[in-house]
1. Once every DSSP H run of n ≥ 4 in the chain is given -39500 (n - 2.57) and the sum is divided by its residues, what mean residue ellipticity at 222 nm do you get, rounded to the nearest 500 deg cm²/dmol?
2. Sort 139, 151 so that the residue with the fewest other Cβ atoms within 10 Å of its own Cβ comes first and the one with the most comes last.
3. With a cut-off of 8 Å between alpha carbons and a minimum separation of six or more residues, what is the relative contact order of the chain in percent?
4. Would you work out if segment 47-176 is rounded, prolate or oblate? Take a ≥ b ≥ c from the square roots of the eigenvalues of the alpha-carbon gyration tensor; rounded if a/c is under 1.5, else prolate when a/b is larger than b/c, oblate otherwise.
5. Using alpha carbons only, how many degrees (0 to 90, rounded to 10) separate the axis of helix 4-14 from the longest principal axis of the chain?
6. By count of other Cβ within 10 Å, fewest leading, how are 166, 92 ordered?
């Protein structure tokens with residue numbers, strides 16, 4: 001038998017439109033980015049929090065990744081991210097992937113999506129301006145532990161999307177693979193990375209109900 005908590009969560013993610021119009025603060029278990037702003041306690045940053053955004057703007061070393069305010073319906077209700085392929089090495093001589101990663105981290109704890117992970121998707125509202133020329137990954141993380149990261153490859157998906165058009169891209173939670181992810185303690189709902197060139201805008205990210213029978217993981 002489904003628990004009361006499970007039923008309440010399913011109802012919540014099935015009624016996102018109603019919640020979005022409510023006067024109460026957005027539920028941070030369901031909404032992560034709204035109108036280009038992270039929903040507290042989520043924090044949108046670059047390089048795993050090492051570059052905080054001020055007025056939606058910021059950049060990592062050599063402008064490997066640049067953020068700036070953008071417009072969907074009104075000025076500043078989205079963020080434009082531009083990845084520029086640069087050679088930035090770690091202390092060990094390898095490519096520094098951190099400088100090319102958009103991060104959305106929970107600054108005060110974690111959320112539990114274990115009971116709905118097979119019936120929900122992370123939906124990202126985005127617009128592709130320049131299609132990727134290298135691999136792109138979207139990852140989730142639990143317990144602030146990089147070894148738990150589970151990812152979805154996005155290069156082919158982003159290349160197929162229409163350019164300069166806003167779309168709502170659903171990423172089923174059950175399609176995030178690799179790593180020992182713990183859906184009971186999710187601490188990052190977005191780690192977006194590429195080593196190549198890419199330009200896109202993001203206005204929102206949220207959880208939405210997604211029927212298991214419609215899920216296809218490539």
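Here, each number is a calculation from the coordinates, and none is a lab measurement. Note that the coordinates shown come from a computational prediction; the quantities given were computed from them, not determined experimentally. Note that we place each Cβ from the backbone using ideal geometry, even for glycine, and neighbour counts take in every protein chain shown.
1. It lands at -2500 deg cm²/dmol.
2. 151, 139
3. Averaging sequence separation for qualifying contacts and normalising by length gives 27 percent for the chain.
4. In terms of gyration-tensor shape, rounded.
5. 60
6. Listing 166, 92 from fewest to most nearby Cβ atoms yields 92, 166.
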